[in-house]
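**Q** This is the structure I have questions about; it appears just below.
The values are calculated or read from the model by the stated rules, or taken from the named source; none is laboratory data. Quick caveat: nothing in here was measured; it's all calculated off a predicted structure. Cβ: placed from backbone, ideal geometry, glycine included. Neighbour counts: every protein chain shown.
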Amino acid sequence: MKGVSARLLWIGWRFHLVNLSRSAFYVLVSILQPVIFSSIAFFVARTGSEDAALLRLALGAGLMGIWSATLFGSGGAIQWQRRQGTLELLVGAPRPFLATLLPLTLATSTLGLYSIAATLVWGRLLFKIPLAFAHPWQLALALPVTVVSLGLLGLLLASTFILYRQANAFSNLLEYPIWLATGLLVPLSLLPGWVTPISWALSPTWGMRAIEEAAFGGSAWAELGACLGLGLGYLAVSAVTLRNFERLARDRATLSLT
Amino acid sequence: MTVSLRVFLVGGAISYRALFNWIRPGMYAATMLGSPLFQILFFTYLGRATGSRDDNFFVVGNAVQVAAMSGIYGMTMGIANERQYGTLHALLGTPANRLAIFAGRSLPYIANGLVVSAFGFATAWLLLGFRVEAGAVLPLVVAVSVTTCSCVALGLLIGSIGLRARDVFFGANLVYFLMLLVCGVNVANEDLPGWLAAIGRSLPLTHGIEAARAAVDGAALGALAGPLATEASIGLAYAAVAFCLFRWFEREGRRTGSLERS
């Protein structure tokens, strides 16, 4: 049983990764958009009076790209299946729908790794940012952990989107707020105090902190633990909500409505 | 004349209702109001974090730029969705005046862009302490109106390309994001490398934002004539190219039987 789930996860993740890599929209979201946003951040920082670390901005913009890829992937996951007429087949398959959906959301966040690579290379080539990381091994660990936890956050979103036909509207809405509330480019200390507790519940906050610690010196372990813990929490909540929302969608006969 | 006017007004309104995918209230609020609001907040806070320019610079730049969301995405949908939904051949089979069909579509998106921009300024007033003198309101409205029209012209161009190209929304997204960088929205034109600044100056929005910032700083309407005339000229040029492309794709589509080819 476990072997079947692991195989489904592996094959599904690979399939969706290759499939999404061929989409021009995903190339835009995961490479061009972060490069544009990092360029804006670099130019704004150059004219600024504060001593902003450009490497931090590059990493933040890269993480913004991971979030965008995850968000639009998760928002689109259910919608695509609906449009292609495969949602009912997948829900009706013997494997739990969670096992089918998880590889897709993980693949979308994995695709976001292009974002980090793109913003770092772009920053290095055009803005001469020194790519010196204090703890490269911690960084090498922090990146996949962040990607997985974002993929699990995407799963949580996708599970709620099964009920709504216009889920992509929420995707459009949630991009900037999460960039802001997780302190990817703007320090949380500048935002109203009530944003900070919200940021604690969002794994990109801890992922960014872990990546920062790894890049600039310090210990990333506590942040990595929080990131992973939140990811597992999202998975547990998703398992419950997905089952309930799937049942509701069957009851209301809204599963395949486009 | 009356028929063309009806095609212009009624046809424009019907096409807006039929082809604008974001017209449902929930979708509209989230995409056309929520997203611009957070865009304005994000870049204003980025400016604060880096100690760059003052809040007004980012508020005005982004509150004007969000009108382009309606102009570019909406207008692209308003033209290119005819092909997506399989109605293009029926539309082009009618004897209706093409200019009336084409121009009528832009009117709802201009109104829409103005609403979104006004919402952006209002929320910036509420949340970010943005203030504007009473005397600056009229010049600002004129600047935003001219800019919205020129952004719609750019949307017409992308939409016309969508009558032929397969993935036009890739182009629409790319242009929208590039505008954030090169059109003086968040980075002043003089702070960009020469080649990026040149691209920005040849696009709609750049000169309109310049006029809007001058208006907020207290410039009289007459003083905005230069940038606004440039903005309007750029818009007209894009609209003219868009209409020529529309007619050319129509002729080629008929000749080669490729109107609805995907």
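**Q** Among the listed residues B:A242, B:A215, identify the single one that is among the hydrophobic types (A, V, I, L, M, F, W, C), touching a residue at least 24 places away in the same chain (Cβ under 8 Å), closer than 23 Å to B:V146 by Cβ and touching a Gly at 6+ places or on another chain (Cβ under 8 Å).
**A** B:A242
**Q** Any idea which of A:T119, A:T86, A:T105 is under 23 Å from the mean Cα position of the chain (by Cα) and within 30 Å of A:V240 (Cβ to Cβ)?
**A** Within the list A:T119, A:T86, A:T105, the selection yields A:T105.
**Q** While we're here: Just to check your reading of the model, which residue among B:D191, B:D217 is acidic (D, E), in contact with a Lys or Arg (Cβ under 8 Å, 6 or more places away or on another chain) and surrounded by fewer than 17 Cβ atoms within 10 Å (Cβ to Cβ)?
**A** Step by step, each of B:D191, B:D217 is checked, and only B:D191 is acidic (D, E), in contact with a Lys or Arg (Cβ under 8 Å, 6 or more places away or on another chain) and surrounded by fewer than 17 Cβ atoms within 10 Å (Cβ to Cβ).
**Q** Report, by residue number, each residue of region A:217-257 that is part of a helix (DSSP H, G or I), farther than 23 Å from A:A77 by Cα and small (G, A, S).
**A** Within region A:217-257, A:A222, A:G225, A:A226, A:G229 meet the criteria.
**Q** If you don't mind, there's one more thing I want to ask. Which condition from (1) under 21 Å from A:S149 (Cβ atoms); (2) at pLDDT 85 or above; (3) away from every other protein chain (no Cβ under 14 Å) is the one that A:G65 breaks?
**A** It fails just one condition, (3).
**Q** Mind listing whichever residues of region A:182-208 are part of a helix (DSSP H, G or I) and either surrounded by fewer than 22 Cβ atoms within 10 Å (Cβ to Cβ) or without any contact (Cβ under 8 Å) to a residue 12 or more places away in the chain (or both)?
**A** Result: A:L188, A:S189, A:L190, A:V195, A:T196, A:P197, A:I198, A:S199, A:W200.
For (1) crowded, with 18+ Cβ neighbours inside 10 Å; (2) modelled with pLDDT of 95 or more; (3) within 18 Å of A:L143 (Cβ to Cβ), each residue gets a yes or a no:
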| position | (1), (2), (3) |
| --- | --- |
| A:S219 | no, no, yes |
| A:A222 | no, no, yes |
| A:V240 | no, no, no |
| A:F245 | yes, no, no |
| A:L248 | no, no, no |
| A:T254 | no, no, no |
| A:L257 | no, no, no |
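**Q** On to the next question. Only one of (1) modelled with pLDDT under 90; (2) more than 14 Å from chain A (Cβ to nearest Cβ); (3) over 26 Å from A:L174 (Cα atoms) is not met by B:R53, so which one is it?
**A** Evaluating B:R53 over (1) modelled with pLDDT under 90; (2) more than 14 Å from chain A (Cβ to nearest Cβ); (3) over 26 Å from A:L174 (Cα atoms) leaves (2) as the failure.
**Q** Can you go through B:L107, B:L140, B:L126 and tell me which one is closer than 30 Å to B:T2 by Cα, assigned to a helix (DSSP H, G or I) and not β-branched (V, I, T)?
**A** Values: B:L140 fails: closer than 30 Å to B:T2 by Cα; B:L126 fails: closer than 30 Å to B:T2 by Cα.
Only one candidate qualifies: B:L107.
**Q** Counting only residues that are buried (at least 18 other Cβ atoms within 10 Å of the Cβ) and out of contact with any strand residue (DSSP E or B) (no Cβ under 6 Å at 6 or more places or on another chain), give me the helices (runs of 4 or more DSSP H) lying completely in region A:23-98 with at least 3 of them.
**A** Ranges flagged: A:33-47, A:54-84.
**Q** What are the pairs with Cβ atoms under 7 angstrom where one residue, in region B:184-201, is closer than 17 Å to A:F37 by Cβ and the other, located anywhere, is assigned to a loop (DSSP other than H, G, I, E, B) and not small (G, A, S)? Sequence gap at least six, or different chains.
**A** Correct list of pairs: B:G200/B:C183; B:G200/B:L192.
**Q** Just need a number here: residues in region B:179-202 that are within 14 Å of chain A (Cβ to nearest Cβ) and over 19 Å from B:L41 (Cα atoms).
**A** Residues that pass the stated criteria total 12.
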